[in-house]
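Before any comments, here is the structure.
None of the figures in this text is laboratory data; all of them are computed from the coordinates on show. From a predicted model like this one, the values you see are computed outputs, not experimental measurements. Positions of Cβ are generated from backbone atoms using ideal geometry, with glycine treated the same way; all protein chains shown enter the neighbour counts.
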Amino acid sequence: MHDIHAANQILKTALEYAEKNKCKKIYSMAIELGKIVEHNELITPENLKYNIKLISKNTIAENCEIIVNSKNNNELKLIEIDGE
């Protein structure tokens, strides 16, 4: 779970967006994941999804769909949130 920090950043951003826009539920998140290394390990889309699902329990993002698009850069960005 070397990439829990990255997952936490994404979830925090999503929850802040939802609160600001008065969303009661987040249905999906789209994320762009470049070549990000944490603790000498490359963050993989599978691990990022797993960790977001793990830490989103008991939040409005619990059970949301997580879409991770791999990019050829060094960035991690939350690019879209679907909620109401």
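Against the condition aliphatic (A, V, I, L, M), without any contact (Cβ under 8 Å) to a residue 40 or more places away in the chain and surrounded by 13 or more Cβ atoms within 10 Å (Cβ to Cβ), how does Ile66 come out, does it pass?
yes
Could you run through segment 51-61 and say how many residues are surrounded by 12 or more Cβ atoms within 10 Å (Cβ to Cβ) and out of contact with any helix residue (DSSP H, G or I) (no Cβ under 8 Å at 6 or more places or on another chain)?
Residues that pass the stated criteria total 1.
Just to be sure, is Glu41 acidic (Asp, Glu) and either touching a strand residue (DSSP E or B) at 6+ places or on another chain (Cβ under 6 Å) or under 14 Å from Ala7 (Cα atoms) (or both)?
no
Can Asn47 be described as more than 11 Å from the chain's Cα centre (by Cα) and either farther than 15 Å from Thr13 by Cα or assigned to a helix (DSSP H, G or I) (or both)?
Against the criterion (more than 11 Å from the chain's Cα centre (by Cα) and either farther than 15 Å from Thr13 by Cα or assigned to a helix (DSSP H, G or I) (or both)), Asn47 does not qualify.
Against the definition (crowded, with 17+ Cβ neighbours inside 10 Å and among the charged types (D, E, K, R)), how does Asp3 come out, yes or no?
Against the criterion (crowded, with 17+ Cβ neighbours inside 10 Å and among the charged types (D, E, K, R)), Asp3 qualifies.
For segment 3-20, does any single residue satisfy the condition of being more than 17 Å from Ile66 (Cβ to Cβ) and touching a residue at least 24 places away in the same chain (Cβ under 8 Å)?
Within segment 3-20 (the criterion being more than 17 Å from Ile66 (Cβ to Cβ) and touching a residue at least 24 places away in the same chain (Cβ under 8 Å)), the answer is no, since none of the residues qualifies.
So the check is Cβ under 9 Å with 6+ separation or different chains; which pairs have a first residue in segment 69-80 that's assigned to a loop (DSSP other than H, G, I, E, B) and a second one that's surrounded by fewer than 12 Cβ atoms within 10 Å (Cβ to Cβ)?
Qualifying pairs under 9 Å: Asn74/Val37.
May I ask you to list the residues in segment 7-37 that are among the acidic types (Asp, Glu) and surrounded by 14 or more Cβ atoms within 10 Å (Cβ to Cβ)?
Glu32
I'm told Glu19 meets every condition in (1) part of a loop (DSSP other than H, G, I, E, B); (2) over 14 Å from the mean Cα position of the chain (by Cα) except one. Can you identify the failing condition by its number?
Going through the list (1) part of a loop (DSSP other than H, G, I, E, B); (2) over 14 Å from the mean Cα position of the chain (by Cα), Glu19 breaks only (1).
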